Amino acid sequence: MPEDLSPAENEILERWITTVRGALDVPGTELPLDAVLGLSGRVAHGTVRPAVPATAYLLGYHVGRAAAAGEDEQHVLARALQTVDGLVAAARRTPEEN
């Protein structure tokens, strides 16, 4: 769980994740929350804040599609996080640097 949250906020976050998993019938697979939250922060600060939920949706879609095709979801997620992190770094550059 994120270190910058209070114990009460961590509890709320844990309950929320459990609730959403149950409602969407998502198995209790490993959720690299720190990596996802870290990337979310970099997306928010490297592009625009509304890019965060769009990016999260696209990551989830990509990982789900790959897992349905038989790929290891943790490996696919790690690769996708790294890819998007690279895109954020490129978005931060000035047009002259791209």
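The values are calculated or read from the model by the stated rules, or taken from the named source; none is laboratory data. What you are looking at is a predicted structure, and each value in this text was computed from that prediction instead of being measured. Positions of Cβ are backbone-derived with ideal geometry, glycine not excepted, and every protein chain shown enters the neighbour counts. When the accessible area is computed, the model is the full protein with side chains, heavy atoms only, and any ligands, DNA or RNA have been set aside. Shrake-Rupley method; radii C 1.70, N 1.55, O 1.52, S 1.80 Å.
Structure notes:
- Failed condition for Leu33, given (1) open to solvent by 30 Å² or more (accessible area, probe 1.4 Å); (2) within 13 Å of Ala78 (Cα to Cα): (1)
Here's the yes/no breakdown for (1) open to solvent by less than 30 Å² (accessible area, probe 1.4 Å); (2) charged (D, E, K, R):
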residue: Pro2; (1), (2): yes, no
residue: Glu9; (1), (2): no, yes
residue: Asp25; (1), (2): no, yes
residue: Gly60; (1), (2): no, no
residue: Ala67; (1), (2): no, no
residue: Asp72; (1), (2): no, yes
residue: Gly86; (1), (2): no, no
residue: Ala89; (1), (2): no, no
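- Residue tally, condition within 9 Å of the chain's Cα centre (by Cα) and touching a residue at least 24 places away in the same chain (Cβ under 8 Å), over the range 53-87: 4
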